[in-house]
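Notes follow the structure.
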Amino acid sequence: MRFHVLTLFPEAFAQPLQFSIVARAVQRGQINIDVADIRDYTHDAHGTADDYQFGGGHGMVMKPEPVFEAAEATLSAQIPVILTTPQGELLTQKLVEELASSPAIAIICGHYAGVDERIAEGLATRPVSIGDYVLTGGELPAMIIIDAVTRLLPGVVGSPESVAGDSITTGLLQHPLYTRPAEFRGMTVPEVLLSGHHAEIDRWRRRKSLERTLEHRPDLLSTASLTNDDRRYLAGLGYAPPDAGQVEGRGADHAQD
Ligand code: ADE
């Protein structure tokens, strides 16, 4: 998998991708990360890549010419071209899986107040936001995308089961994890995990996943695949599934628009 990154701050990518699993994937040739400096494609002595907004307003806007030229110089085949922006589609594990199936992706890192809309219209195929908050730039979101996609690639993470059992991938949040020592500062590991009774351990983990999901991300429960046993357990915790046909959360707000 090849990642092409187009950024005004290439130095931001030097350290963060040089340790642990992503660094190992680079060393093994499982991924390539090509970072292009958009400023190399500017044509004035100052390397001007941003300018004032037409119509007035606070904050500078990334100019279209250097970004288009950088893309034309570094990207060849038809690959997904992501633009990191708070206005984009929310990055979910489903989107990460989709991106991981592509042999290459490009990521344009937005910066300042944003990018000229012609970059979004004429170059990017996929605006992506990593969450409902605003960062100073798209470099961290780009690294997050690279990290999340990389760990799904075959052979990158040691055991495929650990990827398959991830929070969210299963539709539920992950159960608690413990390692040695069995007792630490008076806090003990749940007895069942020391029992060696695999069926009981699986049951305990499933229930903890359900409890956590209900507490922190109840929205996930409406799409998770749940067994009758799960449903009974959740009902015992006070969870009432939304009525079929009723639109939940943000959807309900939009439905009234
Ligand atoms: N740039 C600034 N904030 C961002 C966000 N939340 N996601 C993606 N890119 C961004």
- Note on the structure: Checked pairs for segment 56-69, first assigned to a loop (DSSP other than H, G, I, E, B), second among the charged types (D, E, K, R), C-beta under 6 Å and 6 or more apart or across chains, list as MET60/ASP50; LYS63/ASP51
- Item | Residues located in segment 201-229, provided they are over 14 Å from HIS175 (Cβ atoms), in contact with a Pro (Cβ under 8 Å, 6 or more places away or on another chain) and not hydrophobic (A, V, I, L, M, F, W, C) | SER222
- Query: So is ALA199 within 16 Å of the ligand (Cβ to nearest atom) and either outside any strand (DSSP E or B) or of a type outside the set (S, T, N, Q) (or both) or not?
  - Reply: no
- Task: Kindly provide the set of residues from segment 134-165 that are of a type in the set (Gly, Ala, Ser), open to solvent by less than 40 Å² (accessible area, probe 1.4 Å) and in a helix (DSSP H, G or I), ordered by number.
- Result: ALA142, ALA148
- Message: Within segment 141-168, take every residue that is more than 29 Å from LEU226 (Cα to Cα) and free of Cβ contacts under 8 Å to residues at least 60 places away in the same chain and give me the one that is farthest from the ligand (Cβ to nearest atom).
- Response: ILE144
- Could you check segment 77-133 for strands (runs of 3 or more DSSP E) lying wholly inside it with 1 or more residues that are open to solvent by 50 Å² or more (accessible area, probe 1.4 Å), farther than 20 Å from PHE13 by Cα and of a type in the set (Asp, Glu)? 81-90
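So that you can scan it fast, the table gives a plain yes or no per residue for (1) among the charged types (D, E, K, R); (2) in contact with a helix residue (DSSP H, G or I) (Cβ under 6 Å, 6 or more places away or on another chain); (3) open to solvent by less than 50 Å² (accessible area, probe 1.4 Å); (4) at pLDDT 95 or above:
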site: PHE184; (1), (2), (3), (4): no, no, no, yes
site: VAL189; (1), (2), (3), (4): no, no, yes, yes
site: ALA199; (1), (2), (3), (4): no, no, no, yes
site: SER209; (1), (2), (3), (4): no, no, yes, yes
site: GLU215; (1), (2), (3), (4): yes, no, no, yes
site: PRO218; (1), (2), (3), (4): no, no, no, yes
site: THR223; (1), (2), (3), (4): no, no, no, no
site: ASN228; (1), (2), (3), (4): no, no, no, yes
site: ARG231; (1), (2), (3), (4): yes, no, no, yes
- Query: All but one of (1) away from the ligand (no atom under 15 Å from the Cβ); (2) of a type outside the set (Asp, Glu); (3) out of contact with any strand residue (DSSP E or B) (no Cβ under 8 Å at 6 or more places or on another chain) hold for VAL96; which doesn't?
  - Reply: (1)
- Can you name the residue in segment 1-27 that is aromatic (Phe, Trp, Tyr) and not in a helix (DSSP H, G or I) and is also least open to solvent (accessible area, probe 1.4 Å) among such residues? PHE3
- Name every residue in segment 169-199 that is touching a residue at least 24 places away in the same chain (Cβ under 8 Å) and among the aliphatic types (A, V, I, L, M), in order of residue number. LEU172, LEU173
- Subset tally (residues that are in a helix (DSSP H, G or I) and of a type in the set (Val, Ile, Thr)) for segment 28-50: 1
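The values are calculated or read from the model by the stated rules, or taken from the named source; none is laboratory data. These figures come from a predicted structure and were not determined experimentally. Virtual Cβ from ideal backbone geometry, glycine too; neighbours counted across all protein chains shown. Each accessible area value is taken on the protein alone, full model and side chains, heavy atoms only, with ligands, DNA and RNA left out. Shrake-Rupley method; radii C 1.70, N 1.55, O 1.52, S 1.80 Å.
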